[in-house]
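Data first, discussion second: the structure below is written as structure tokens.
The values are calculated or read from the model by the stated rules, or taken from the named source; none is laboratory data. Here the structure is a predicted model, which is why all the values come from computation and not from measurement. With ideal geometry, Cβ positions are generated from the backbone for all residues, glycine too; neighbour counts draw on all protein chains shown.
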Amino acid sequence: MELMQLRYFLEVASSQHVTKSSEKLHIAQPALTQAIHRLEDDLGVPLFEAKGRNIVLTEYGKHLQQSLNPIIERLDKIPEELRRMAKLDRETIRINVLAASALVTEAIVEYKKQHQVNFSVFQSNSDVSDIQVTTKMMYQIPKERRDFEFVIAEKIYLALPKSRFPEGKIALKSVENEEFIALLGSKQFRAICDKYCHHIGFKPKVIFESDNPTAVRNVIAAGMGIGFWPEFTWDKAENEHVALAEITDITCYRDILISCNPLRAGNENVKSFFEYLKKFFLERKNAAVKK
């Protein structure tokens, strides 16, 4: 059975008149008749029978008509569904956020105030995104990737209860026996901070872990321990109970890497938000440095 044959059959079944159907379908009547006969041969049953000068459906024809109608109706909807999917794909920016999630979310909110675009935000180790935000200890952009990647360095401080650590600077070595509040071990920021501690010569004693930076800050504020805190990508850490101290015995930085998928760089929405996100991060860093 061919799709065109089935469409011809449904038209004749609806009109029960070959001549009228051939005119509507813009094909010759003999060609339409032959197409119906071929379909009957393929199925091995008669679909129409003569009744006076007209034709009517046989029981086989009625069953085929009832079975085909929802199928053809569904098939006819597919092209428009695909067009809508393509339009949605063009207007949707897929962002894989593995670092600085709070700042990325804030950037999305601000961007959507002025742009009609959709966002799909997720966390994944795959490369299915249009834009990815991640973090590394030290990263050099390869020459061939300079148009698609942006790196911004972020200083890392120690967040400390003010009641116990009133000074604004502190040696990392001096807190090796302290209890640490940290992000979950699977987080990239946690891995970077653990490496700095290892470089100094100790493994931090983590007594509380969370995937939520706000929870980490609140536990530190409660006086339960200390923790690492990035300069501008997390929510503000300092309050009446918590202070940020500069680390003096080792330079603690991380690189925030914003990458654009080269295969999607030609999409105007993706390109525009990629540029916006770079500017947004730079402005936040500059604001933090000025304080």
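Tell me, which strands (runs of 3 or more DSSP E) wholly within region 199-283 include 2 or more residues that are touching a helix residue (DSSP H, G or I) at 6+ places or on another chain (Cβ under 9 Å) and farther than 25 Å from Ser163 by Cα?
Strands (runs of 3 or more DSSP E) meeting the threshold: 253-260.
Which one is surrounded by the fewest Cβ atoms within 10 Å (Cβ to Cβ) among residues in region 254-290 that are modelled with pLDDT under 95 and closer than 19 Å to Phe228 by Cβ?
So, considering only residues that are modelled with pLDDT under 95 and closer than 19 Å to Phe228 by Cβ, the one surrounded by the fewest Cβ atoms within 10 Å (Cβ to Cβ) is Val289.
Table: residues versus (1) out of contact with any strand residue (DSSP E or B) (no Cβ under 6 Å at 6 or more places or on another chain); (2) closer than 23 Å to Lys195 by Cβ; (3) assigned by TED's automatic domain parsing to the domain that holds Ala99; (4) not aromatic (Phe, Trp, Tyr).
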site	(1), (2), (3), (4)
Ile258	no, yes, yes, yes
Ala265	yes, no, yes, yes
Ser272	yes, no, yes, yes
Glu275	yes, no, yes, yes
Phe280	yes, no, yes, no
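With respect to the numbered conditions (1) without any contact (Cβ under 8 Å) to a residue 40 or more places away in the chain; (2) not assigned by TED's automatic domain parsing to the domain that holds Tyr253, which one is the sole condition not fulfilled by Asn69?
Evaluating Asn69 over (1) without any contact (Cβ under 8 Å) to a residue 40 or more places away in the chain; (2) not assigned by TED's automatic domain parsing to the domain that holds Tyr253 leaves (1) as the failure.
Could you figure out which of (1) within 30 Å of Ala222 (Cα to Cα); (2) hydrophobic (A, V, I, L, M, F, W, C); (3) surrounded by fewer than 19 Cβ atoms within 10 Å (Cβ to Cβ); (4) touching a Lys or Arg at 6+ places or on another chain (Cβ under 7 Å) isn't true of Ile152?
(1)
Report yes if some residue within region 139-149 is outside any loop (DSSP other than H, G, I, E, B), touching a Phe, Trp or Tyr at 6+ places or on another chain (Cβ under 8 Å) and either at pLDDT 90 or above or surrounded by fewer than 16 Cβ atoms within 10 Å (Cβ to Cβ) (or both); otherwise report no.
Scanning region 139-149 turns up no residue that is outside any loop (DSSP other than H, G, I, E, B), touching a Phe, Trp or Tyr at 6+ places or on another chain (Cβ under 8 Å) and either at pLDDT 90 or above or surrounded by fewer than 16 Cβ atoms within 10 Å (Cβ to Cβ) (or both).
Under 8 Å by Cβ, and 6 or more places apart or on different chains, what pairs join a residue from region 51-66 that is without any contact (Cβ under 8 Å) to a residue 40 or more places away in the chain and over 12 Å from Ser15 (Cβ atoms) with one that is part of a helix (DSSP H, G or I) and not charged (D, E, K, R)?
Close Cβ pairs satisfying both conditions: Tyr60/Leu43.
Conditions: (1) under 20 Å from Asn218 (Cβ atoms); (2) touching a residue at least 60 places away in the same chain (Cβ under 8 Å); (3) surrounded by fewer than 12 Cβ atoms within 10 Å (Cβ to Cβ). Glu167 meets all but one. Number of the miss?
The failed condition is (1).
Condition test on Glu231, is it in contact with a Phe, Trp or Tyr (Cβ under 9 Å, 6 or more places away or on another chain), within 17 Å of Leu103 (Cα to Cα) and either without any contact (Cβ under 8 Å) to a residue 40 or more places away in the chain or assigned by TED's automatic domain parsing to the domain that holds Pro142 (or both)?
Against the criterion (in contact with a Phe, Trp or Tyr (Cβ under 9 Å, 6 or more places away or on another chain), within 17 Å of Leu103 (Cα to Cα) and either without any contact (Cβ under 8 Å) to a residue 40 or more places away in the chain or assigned by TED's automatic domain parsing to the domain that holds Pro142 (or both)), Glu231 qualifies.
What number goes with the only condition from (1) closer than 30 Å to Leu3 by Cβ; (2) surrounded by fewer than 12 Cβ atoms within 10 Å (Cβ to Cβ) that Asp127 does not pass?
All conditions pass for Asp127, except number (1).
Are any of the residues in region 182-200 surrounded by 15 or more Cβ atoms within 10 Å (Cβ to Cβ), touching a residue at least 12 places away in the same chain (Cβ under 8 Å), aliphatic (A, V, I, L, M) and over 30 Å from Lys279 (Cβ atoms)?
For region 182-200, residues surrounded by 15 or more Cβ atoms within 10 Å (Cβ to Cβ), touching a residue at least 12 places away in the same chain (Cβ under 8 Å), aliphatic (A, V, I, L, M) and over 30 Å from Lys279 (Cβ atoms): present.
Quickly run through region 49-75 and pick out the residues that are surrounded by 14 or more Cβ atoms within 10 Å (Cβ to Cβ) and in contact with a Phe, Trp or Tyr (Cβ under 9 Å, 6 or more places away or on another chain).
Ile55, Leu57, Thr58, Gly61, Leu64, Gln65, Leu68
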